[in-house]
Amino acid sequence: MKKIKVIGGGLAGPEAALQAASFGCEVDLYEMRPTRSTEAHQTADFAELVCSNSLKSESENSAPWLLKQEMRRANCFLLADADATSVPAGHALAVDRELFSKRVADRIAAEPRITVHREEVTALDADDAATLTVLASGPLSSPALTAELQRLTGAEHLAFYDSISPIVDASTIDMEKVYFAARYDKGSADYINCPFTKEEYETFLDALTTAEKVEAKDWERFPEDGTSDKLNYFEGCLPIEETARRGRDTLRFGPMKPVGLTDPKTGRWPYAVVQLRQENLRADSYNLVGFQNHLKFGEQARVLRLIPGLEKAGFLRYGQIHRNTYIHAPSLLTETLQLRAHPAILIAGQLSGVEGYTESIASGLLAGRYAAALAQGRAPVPAPRHSANGSLTHYITHAESKRFQPANITFDLLPPLEEELRKRIRDKKERHRIQCERALEAWDGWLKQG
């Protein structure tokens, strides 16, 4: 049996290693931290969540729910750890990030088939007949490894820029000015809501759009030769100051949307609202949902303290920005996440072109299973097209080449219902229920194949 080498200790790498080990394979798991850190990580922990602590919606028959349901049925190890360390977050699955990382580390340490190596990998041997490689080094792969992958594939990397939301000390929130609620009272009232009047919103917006940004560093520039200040932001995770510059009401229809958040003091929706989500089980810190930004720290403190209830806020972490790198999957990857030109190397996680915590874990789950099959001399069977996992993989491996951008799981990626059925069923929720039913049926059938 071939040995499996997994590179990357984020989300996809540990899941891939644990999956392969569960199928009886010997795995070497490599993580360069703490020997070499990145621009965004703060620890050397496995499965560190560098942005928010949310793994998205748990609302039944939503696309994120479907993806997680498939993962649970496939014995996803990291999702089990997320469930075990969850914190109140309305209809979303959010985790205590420190406890989550600890559980993942403990699980890896307890697996005798996994050997951990704390060192940087700078070379990829595509011709090693005795080893399979799962590359899950993430969007902040080291320059040496990035150059090696680029050399091996002969393809240019694409880059976008992702941001980190600020975290506030719960004890510094003025609870007299805020209220607990979930949108449309869906789930429990776990979010702290900071309501704005029109005047407060306009004052905040003016301060935000004129605040001083952080100067782009060489590693942030696109291209990296220092000749451009262009930051190629990912549309799905724009800094709030960039969103605000697109129109005076853009934030009110985005991260500051007040719809469904009735203020008990007025009985009405506020003009705008900032939501705070619990960070850990102690409930001593909250992150500002959707408030990733690229402002100087002093400017962040000044602007964010204009939010009602945060006038005296103490910030445990300010927003930051970092580059995310991913391969051009449509031209490079097969549906079993293998490089077309070098099938002994599989790519998983955000490096493959999926976007989001849950999606990264899901791709690690698939890569670990595919690698185990290859190591045991079996041909891996791609995840079924009708499933959420299969649809996400189908997107990154079949997307229109010139317009390829990372993707979260959405119903748009799943096969649509037949035209006759769509005409007969007008209710979108019922359509989604049928798509979920079909997806889970296809997924269960795939799992039975081993």
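The alpha carbon radius of gyration of the range 1-112, expressed as a multiple of 2.2 N^0.38 Å, is 1.11.
Within the same chain, lysines fewer than 8 places from LYS448 are excluded, and of the rest, those with a Cα less than 21 Å from its Cα are LYS68.
Ignoring ligands, DNA and RNA, what percent of the accessible area of the chain is carbon or sulfur (1.4 Å)? Carbon and sulfur together cover 50 percent of it.
Taking 17 Å as the straight-line reach from the Cα of LYS312, the aspartates and glutamates in range (excluding those fewer than 8 positions away in the same chain) are ASP169, ASP174, GLU176, GLU200, ASP284, GLU299. Over the chain, accessible surface divided per residue gives 42 Å², non-protein components excluded, 1.4 Å probe. Could you tell me whether the range 309-450 comes out rounded, prolate or oblate from its Cα gyration tensor? Rule is a ≥ b ≥ c as square roots of the eigenvalues, rounded for a/c under 1.5, then prolate if a/b exceeds b/c, otherwise oblate. Judged from the Cα gyration tensor, the range 309-450 comes out oblate (a/c at least 1.5, b/c at or above a/b). From the square roots a ≥ b ≥ c of the eigenvalues of the alpha-carbon gyration tensor of the range 231-340, which class results: rounded (a/c under 1.5), prolate (a/b over b/c), or oblate? It is prolate, given that a/c is not under 1.5 and a/b is the larger ratio.
Out of all DSSP beta bridges in the chain, what portion is antiparallel? Express it as a percent rounded to 5.
Taking every DSSP beta bridge with both residues in the chain, the antiparallel ones total about 60 percent.
A Förster distance of 51 Å, applied to the separation of the beta-carbon atoms of SER22 and ALA207, puts the FRET efficiency at 0.50. The alpha-carbon of LYS265 sits under 17 angstrom from the alpha-carbons of these lysines, leaving out residues fewer than 8 places away in its chain: LYS177, LYS198.
Calculated [222 nm] ellipticity per residue, helices only, for the chain: -9500 deg cm²/dmol; basis is -39500 (n - 2.57) per DSSP H run with n ≥ 4, divided by all residues, nearest 500. Kindly list the residues of the range 303-326 that lie in the label zone of ASP284, defined by a backbone N under 19 Å from the point 7 Å along the Cα-to-C-beta vector. 313-318, by backbone N distance to the label point. Where a ≥ b ≥ c are the square roots of the eigenvalues of the C-alpha gyration tensor, would you call the range 42-182 rounded, which needs a/c under 1.5, or, failing that, prolate if a/b is larger than b/c, or oblate? Prolate, because a/c is 1.5 or more and a/b exceeds b/c. The HN-Hα couplings worked out from phi for the range 389-402 by the Karplus form 6.51 cos²θ - 1.76 cosθ + 1.60 (θ = phi - 60°) are 4, x, 5, 5, 5, 4, 4, 5, 9, 10, 4, 4, 4, 6 Hz, whole numbers, x standing for Gly and Pro.
Residue-wise HN-Hα couplings along the range 296-312, as the Karplus relation 6.51 cos²θ - 1.76 cosθ + 1.60 with θ = phi - 60° gives them from phi, are 4, 4, x, 5, 4, 4, 5, 6, 5, 7, 7, 6, x, x, 10, 4, 10 Hz; Gly and Pro carry x.
Can you list the chymotrypsin sites (Phe, Trp or Tyr not before Pro) in the range 342-429 that are in a DSSP coil and have 13 or fewer other beta carbons within 10 angstrom?
Counting only loop positions with at most 13 other Cβ atoms within 10 Å, none of the chymotrypsin sites (Phe, Trp or Tyr not before Pro) in the range 342-429 qualifies.
Among the trypsin sites (Lys or Arg not before Pro) in the range 318-381, those located in a DSSP loop and surrounded by at most 16 other Cβ atoms within 10 Å of their own Cβ are ARG340, ARG378.
Count neighbours as other Cβ atoms within 10 Å of each site's Cβ, and list the GluC sites (Glu not before Pro) in the range 245-334 that are DSSP loop with at most 16 such neighbours. Those satisfying the criteria are GLU311. Accessible area per residue (1.4 Å probe, heavy atoms of protein chains only) ranks MET1, MET32, MET71 as MET1, MET32, MET71, with the largest value leading.
For the chain, the mean projected area of the C-alpha convex hull, equal to one quarter of the hull surface, is 21.7 nm². Stretching THR197 away from ALA130 to a fully extended chain increases their span by 17.6 nm, per 0.36 nm per residue minus the current alpha-carbon distance.
The alpha carbons of the range 369-450 give a radius of gyration and a Dmax of 15.1, 47 Å, in that order.
Quick one: what are the phi-derived ³J(HN,Hα) couplings along the range 121-129, Karplus 6.51/-1.76/1.60 with θ = phi - 60°, whole Hz, x for glycine and proline? Taking θ as phi minus 60°, the curve returns 9, 10, 9, 10, 9, 7, 10, 6, 5 Hz for the range 121-129. Taking amide H positions as modeled 1.01 Å from N, with prolines and chain starts lacking one, the residues under 5 Å from VAL6 and 5 or more places away or on another chain are ASP28, LEU29, TYR30, VAL134. Full extension of the chain between TYR271 and ARG438 yields a length gain of 56.1 nm, computed as 0.36 nm times the residue separation minus the alpha carbon distance.
Taking only Cα atoms and a 10 Å spring cutoff, compute GNM fluctuations for the chain and point out the largest among ARG422, ARG302, ARG36. Evaluated over the chain, the most mobile residue of the options is ARG422.
The values are calculated or read from the model by the stated rules, or taken from the named source; none is laboratory data. Being a predicted model, the structure only gives us computed values, none of them experimental. Note: ideal-geometry Cβ built from the backbone for every residue, glycine included; neighbour counts use all protein chains shown. Accessible surface is based on the protein model in full, side chains and every heavy atom, while ligands, DNA and RNA are left aside. Shrake-Rupley method; radii C 1.70, N 1.55, O 1.52, S 1.80 Å.
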